[in-house]
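**Q** Take a look at the following structure, please.
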Amino acid sequence: QETKWGEISLCDAERRLLANALLDASNERFILLSESCIPLYNFTVIYDYVIDSEYSFVDSSSNFTPETYRRYDDRMQPEVRISDFRKGSQWFEVNRSLA
């Protein structure tokens, strides 16, 4: 399905991606990165850090400006209510229980 930046279609695509990844019981951690992200360490170092971490990494803020509220669209409901709306990075790393 087609996605567009800044639209709920990106959230829908991420949810489908996670749902498919969760079908494999051996997947413990889930990372969504930009195609332009460049690792600072080799794969083994990053893998060990992520697997051994008890934390998930999700960036969001409920500290809104008027501009942030203008980004909310009623068509996001019922999936995203205004009380649950947050601004943050699209990129994340989460454990299986949070995914």
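The values are calculated or read from the model by the stated rules, or taken from the named source; none is laboratory data. Keep in mind that what you see is a predicted model, and the values were worked out from it rather than measured. A quick note on method: Cβ atoms are made from the backbone with ideal geometry, for glycine too, and the neighbour counts reach across all protein chains shown.
**Q** Select from the stretch 70-80 the residues that are part of a helix (DSSP H, G or I) and farther than 15 Å from L10 by Cβ and list them in ascending order.
**A** Hits for the stretch 70-80 are R70, D74.
**Q** Restricting attention to the stretch 28-64, report how many residues are within 15 Å of N95 (Cβ to Cβ), assigned to a loop (DSSP other than H, G, I, E, B), within 16 Å of the chain's Cα centre (by Cα) and of a type outside the set (D, E).
**A** Of the residues in that region, 2 qualify.
**Q** From the list E2, E14, pick out the single residue that is closer than 21 Å to A99 by Cα and not aliphatic (A, V, I, L, M).
**A** Matching residue, one of E2, E14: E14.
**Q** Run S83 past the list (1) assigned to a helix (DSSP H, G or I); (2) touching a Lys or Arg at 6+ places or on another chain (Cβ under 9 Å); (3) at pLDDT below 85 and report the number of the one that doesn't hold.
**A** With respect to (1) assigned to a helix (DSSP H, G or I); (2) touching a Lys or Arg at 6+ places or on another chain (Cβ under 9 Å); (3) at pLDDT below 85, S83 is out only on (2).
**Q** E67 passes all but one of (1) assigned to a loop (DSSP other than H, G, I, E, B); (2) at pLDDT below 85; (3) over 25 Å from Q1 (Cα atoms); (4) of a type in the set (D, E); which number fails?
**A** (1)
**Q** For the stretch 26-45, which positions are modelled with pLDDT of 90 or more, of a type in the set (S, T, Y) and either more than 22 Å from R96 (Cβ to Cβ) or surrounded by 12 or more Cβ atoms within 10 Å (Cβ to Cβ) (or both)?
**A** Listed by number, the list holds a single entry, Y41.
**Q** When both residues are 6+ apart or on different chains and their Cβ atoms are under 7 Å apart, which pairs have a first residue that lies in the stretch 81-93 and is free of Cβ contacts under 8 Å to residues at least 40 places away in the same chain and closer than 27 Å to Y49 by Cβ, and a second that is of a type in the set (D, E) and in a loop (DSSP other than H, G, I, E, B)?
**A** G88/D59; S89/D59
**Q** Can you name every residue in the stretch 26-64 that is among the β-branched types (V, I, T) and in contact with a Lys or Arg (Cβ under 9 Å, 6 or more places away or on another chain)?
**A** Once the filter is applied, which keeps residues that are among the β-branched types (V, I, T) and in contact with a Lys or Arg (Cβ under 9 Å, 6 or more places away or on another chain), the stretch 26-64 yields V50, I51.
**Q** Also, I was wondering about something else. Which ones in the stretch 86-99 are at pLDDT 80 or above and not in a loop (DSSP other than H, G, I, E, B)?
**A** F92, E93, V94, N95
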